[in-house]
Amino acid sequence: MDRRIAFLIWACLVAALVLVTGNILPSQAEGTMLLKARVDYGAGSGPFSLAIGDLDGDNELDLAVANWGSWNVSVLLGKGDGTFQAAVNYDAGGGPISVAIGDLDGDNALDLAVANVDSNNVSVLLGNGDGTFQAAVNYGVGDGPKSVAIGDLDGDNALDLAVANYYSNNLSVLLGNGDGTFQAAVNYGAGYEPRSVAIGDLDGDNTLDLAVANWGNWNVSVLLGNGDGTFQAAVNYDAGGTPSSVAIGDLDGDNTLDLAVANGSGTVDGAVSILLGNGDGSFQAAVNYDAGYSPYSVAIGDLDGDDDLDLAVANYVSDNVSVLLGNGDGTFQAAVNYSAGDGPASVAIGDLDGDNDLDLAVANWVSDNVSVLLGNGDGTFPEVPEARLEMHALYRAGRLSFNFLLGSPEPAVWGTVLVLINPTFRIIPLWITPIPAIDPAISIPVSLPFPKLGLICLATGILTQEGLQAYDYQWLNTGSP
């Protein structure tokens with residue numbers, strides 16, 4: 001439904017609650033809260049990318065989030081049990097859209113590299129070792145950098161940067177000096193609108209190579225490294241529609257690296273492409289697997305503990321994460337989807353709660369937060385039960401009858417309101433009552449005397465502390481007053 005209608009219903013429910021009770025939420029609601037698997041944490045505005053690493057040296061994993069809208073980076077320090085402290089923000093360049101973590105100055109404390117799409121540079125924030133960071137230092141790259149990756153590209157034991165430049169259709173390589181500073185960028189051609197870059201030894205020569213997802217011409221570029229920080233010309237391999245993310249791992253257990261590509265074209269079919277490596281830097285034809293709608297990011301890890309690599313995919317339009325368990329031979333089982341926030345744009349994998357099972361962290365671009373999904377160790381994740389609400393109303397002989405199918409995973413205020421369209425806009429609270437958690441959904445019939453008021457909109461919603469969880473509405477003509 002139109003979000004404007006949802007907002008109207010939410011506003012009417014809140015107004016009706018205030019009219020009836022004087023409160024927006026009840027002080028207490030009976031019933032027990034169901035286990036909530038996905039926990040959301042606030043970040044900056046428009047979080048588009050996240051990375052996982054031990055940023056404060058306490059052996060517990062933390063999160064770094066690039067916030068496109070607020071031009072900063074959020075750091076959420078982990079408590080070791082899968083929960084996180086409130087975000088602390090650090091300024092970056094214009095439009096931070098990608099973040100990577102590595103020890104860029106060799107002091108055994110992790111640092112941040114951030115690609116800024118609006119200011120055409122990369123910000124380097126050196127870590128102090130306690131989870132705080134120094135002011136950003138910026139380095140120029142190409143036009144519209146949308147992805148940054150970290151690796152030792154020239155074999156000098158100092159980390160370097162590779163950046164995918166969306167508008168200039170190339171890659172920038174910035175060789176590190178080992179002290180957290182970088183040499184001027186050297187650019188290499190890629191495909192059209194490169195959107196993601198990943199680093200790995202794709203040809204088995206112990207030097208690092210680059211893989212690039214090219215949004216504009218639906219392929220992946222492979223640039224083999226010469227070992228001195230320079231690269232050979234790109235070789236392109238077809239993928240699915242509008243590749244938005246590429247990840248590297250040994251997906252078939254043959255000790256050669258393969259590619260997984262998230263295709264952000266907006267369809268479920270062929271949402272993820274798998275290109276198995278031949279071991280010499282070349283790749284077999286892509287095999288496609290279904291996932292959610294508009295996958296923007298893919299990550300690789302052993303999510304079920306069977307020593308075979310699996311995939312996690314963030315689906316921007318369908319607001320969920322797809323998990324595709326690997327069979328160990330480069331093929332994958334059908335996707336299982338788990339809810340995330342609104343507009344998930346990036347997913348990362350790590351053991352966030354210290355139980356030796358891998359978990360997921362997701363940056364939600366639209367809802368300005370990060371979702372954390374703790375893994376069960378078998379490749380599944382506890383799902384958040386969704387609120388369910390359906391209404392069927394009838395007006396006859398002076399009575400308003402309606403039947404609700406209601407289910408809510410957590411205690412809520414649930415009410416029905418009337419919005420009068422003619423002749424004036426008014427709100428009439430009809431039934432406002434706290435409800436406990438109800439799962440599975442139950443049917444509730446209601447019948448009330450009601451006068452003739454002309455055209456009305458009967459709206460109902462489930463309102464919790466997190467906002468409007470579900471709603472329904474129906475137009476009725478009650479006859480002329």
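The values are calculated or read from the model by the stated rules, or taken from the named source; none is laboratory data. Nothing here was measured: the structure is a model prediction, and the numbers come from that model. Using ideal geometry, Cβ is built from the backbone for each residue, glycine included, and neighbour counts are taken over all protein chains shown. Areas reflect the complete protein model, heavy atoms only, side chains present, ligands, DNA and RNA absent. Shrake-Rupley method; radii C 1.70, N 1.55, O 1.52, S 1.80 Å.
Can you find even one residue in segment 303-314 that is surrounded by fewer than 20 Cβ atoms within 10 Å (Cβ to Cβ) and within 20 Å of the chain's Cα centre (by Cα)?
The answer is no; no qualifying residue exists.
I'd like the full set of residues that are modelled with pLDDT of 75 or more, of a type in the set (Phe, Trp, Tyr) and in a loop (DSSP other than H, G, I, E, B), limited to segment 425-481.
450
Six or more apart or on different chains, Cβ under 9 Å: which pairs go from a residue in segment 100-111 that's within 17 Å of residue 197 (Cβ to Cβ) to one that's among the polar types (S, T, N, Q) and surrounded by 19 or more Cβ atoms within 10 Å (Cβ to Cβ)? Could you list them?
Going by the 9 Å Cβ cut-off, the qualifying pairs are 100/49; 100/147.
Is it the case that residue 282 is farther than 23 Å from residue 144 by Cα and either in contact (Cβ under 8 Å) with a residue 40 or more places away in the chain or buried (at least 16 other Cβ atoms within 10 Å of the Cβ) (or both)? I'd like the intermediate steps shown before the answer.
Values: farther than 23 Å from residue 144 by Cα: yes; either in contact (Cβ under 8 Å) with a residue 40 or more places away in the chain or buried (at least 16 other Cβ atoms within 10 Å of the Cβ) (or both): yes.
In short, yes.
Do we have residue 376 as open to solvent by 40 Å² or more (accessible area, probe 1.4 Å) and outside any loop (DSSP other than H, G, I, E, B) here?
Here the answer is no, as residue 376 does not meet what is asked.
Counting only residues that are small (Gly, Ala, Ser) and at positive phi, which one in segment 55-88 is surrounded by the most Cβ atoms within 10 Å (Cβ to Cβ)? First the steps, then the outcome.
Step one: list which residues in segment 55-88 are small (Gly, Ala, Ser), which gives 57, 64, 66, 69-70, 74, 78, 80, 82, 86-87.
Still in the list and also at positive phi: 57, 80, 82.
Details: 57: 15, 80: 13, 82: 19.
Out of the qualifying residues, it is 82.
Any idea which residue in segment 126-157 is most open to solvent (accessible area, probe 1.4 Å), counting only those that are in a strand (DSSP E or B) and closer than 17 Å to residue 195 by Cβ? Walk me through it before giving the result.
Step one: filter segment 126-157 for residues in a strand (DSSP E or B), giving 127, 133, 137-140, 145-151.
When the remaining residues are screened for being closer than 17 Å to residue 195 by Cβ, the result is 145-149.
Numbers: 145: 0, 146: 30, 147: 10, 148: 10, 149: 13 Å².
Checked segment 126-157; the qualifying residue most open to solvent (accessible area, probe 1.4 Å) is 146.
When the residues of segment 168-195 are filtered to those that are among the small types (Gly, Ala, Ser) and in contact with a Ser or Thr (Cβ under 7 Å, 6 or more places away or on another chain), which remaining residue is surrounded by the most Cβ atoms within 10 Å (Cβ to Cβ)?
Here is the first cut: in segment 168-195, the residues among the small types (Gly, Ala, Ser) are 168, 172, 176, 178, 180, 184-185, 189-191.
With the extra rule that they be in contact with a Ser or Thr (Cβ under 7 Å, 6 or more places away or on another chain), the set shrinks to 185, 190-191.
Numbers: 185: 21, 190: 29, 191: 22.
Out of the qualifying residues, it is 190.
For segment 89-101, give me the residue count where each residue is open to solvent by less than 30 Å² (accessible area, probe 1.4 Å) and on the phi < 0 side of the Ramachandran plot.
Initially, segment 89-101 is screened for residues open to solvent by less than 30 Å² (accessible area, probe 1.4 Å), giving 92-100.
In the following step, the residues that additionally are on the phi < 0 side of the Ramachandran plot were identified as 92-94, 96-100.
So the count comes out to 8.
Picking from 338, 316, 293, 289, which residue would you name as being of a type in the set (Ser, Thr, Tyr), touching a Gly at 6+ places or on another chain (Cβ under 8 Å) and under 30 Å from residue 81 (Cα atoms)? Break it down stepwise before answering.
On the way: 338 fails: touching a Gly at 6+ places or on another chain (Cβ under 8 Å); 293 fails: under 30 Å from residue 81 (Cα atoms); 289 fails: under 30 Å from residue 81 (Cα atoms).
Going through 338, 316, 293, 289 in turn, the sole match is 316.
Residue 166 fails exactly one of the following numbered conditions: (1) under 22 Å from residue 226 (Cβ atoms); (2) under 21 Å from the mean Cα position of the chain (by Cα). What is the number of that condition?
Exception for residue 166: condition (1).
Cβ-Cβ below 6 Å, separation at least six or inter-chain, first residue in segment 227-256 and in contact (Cβ under 8 Å) with a residue 24 or more places away in the chain and assigned to a strand (DSSP E or B), second aromatic (Phe, Trp, Tyr) and open to solvent by less than 20 Å² (accessible area, probe 1.4 Å): which pairs?
237/283
Mind listing just one residue for me: the one in segment 169-179 that is over 29 Å from the mean Cα position of the chain (by Cα) and in contact (Cβ under 8 Å) with a residue 24 or more places away in the chain and, of those, nearest to residue 231 (Cα to Cα)?
The first filter runs over segment 169-179 and keeps only residues over 29 Å from the mean Cα position of the chain (by Cα), leaving 175-179.
With in contact (Cβ under 8 Å) with a residue 24 or more places away in the chain added as a condition, the list becomes 175-176, 178-179.
Details: 175: 13, 176: 16, 178: 20, 179: 23 Å.
Checking each candidate, the answer is 175.
With the checklist (1) buried (at least 23 other Cβ atoms within 10 Å of the Cβ); (2) free of Cβ contacts under 8 Å to residues at least 40 places away in the same chain; (3) of a type outside the set (A, V, I, L, M, F, W, C) in hand, flag the one item residue 342 doesn't pass.
Unmet for residue 342, out of (1) buried (at least 23 other Cβ atoms within 10 Å of the Cβ); (2) free of Cβ contacts under 8 Å to residues at least 40 places away in the same chain; (3) of a type outside the set (A, V, I, L, M, F, W, C): (1).
Kindly establish whether residue 151 is at pLDDT 95 or above, touching an Asp or Glu at 6+ places or on another chain (Cβ under 6 Å) and closer than 23 Å to residue 61 by Cβ. Before the answer, list the steps.
Working: at pLDDT 95 or above: yes; touching an Asp or Glu at 6+ places or on another chain (Cβ under 6 Å): no; closer than 23 Å to residue 61 by Cβ: yes.
Answer is no for this residue.
Looking only at residues that are in contact with a strand residue (DSSP E or B) (Cβ under 8 Å, 6 or more places away or on another chain) and surrounded by fewer than 20 Cβ atoms within 10 Å (Cβ to Cβ) in segment 219-236, which one is nearest to residue 186 (Cα to Cα)?
Within segment 219-236, the subset in contact with a strand residue (DSSP E or B) (Cβ under 8 Å, 6 or more places away or on another chain) is 219-225, 229-236.
Retained after the next criterion (residues that are surrounded by fewer than 20 Cβ atoms within 10 Å (Cβ to Cβ)): 230, 232-233, 235-236.
Values: 230: 9, 232: 13, 233: 13, 235: 18, 236: 20 Å.
Going through the qualifying residues, I end up with 230.
Every residue in segment 388-409 that is without any contact (Cβ under 8 Å) to a residue 40 or more places away in the chain and surrounded by 18 or more Cβ atoms within 10 Å (Cβ to Cβ), please.
The one that is without any contact (Cβ under 8 Å) to a residue 40 or more places away in the chain and surrounded by 18 or more Cβ atoms within 10 Å (Cβ to Cβ): 407.
What's the number of the condition residue 160 fails, among (1) touching a Phe, Trp or Tyr at 6+ places or on another chain (Cβ under 9 Å); (2) under 30 Å from residue 217 (Cα atoms); (3) open to solvent by 40 Å² or more (accessible area, probe 1.4 Å)?
If we test residue 160 against (1) touching a Phe, Trp or Tyr at 6+ places or on another chain (Cβ under 9 Å); (2) under 30 Å from residue 217 (Cα atoms); (3) open to solvent by 40 Å² or more (accessible area, probe 1.4 Å), just (3) comes out false.
Does residue 216 satisfy the condition of being open to solvent by 10 Å² or more (accessible area, probe 1.4 Å) and in contact with an Asp or Glu (Cβ under 6 Å, 6 or more places away or on another chain)? Spell out how you get there, then give the answer.
Working: open to solvent by 10 Å² or more (accessible area, probe 1.4 Å): yes; in contact with an Asp or Glu (Cβ under 6 Å, 6 or more places away or on another chain): yes.
In short, yes.
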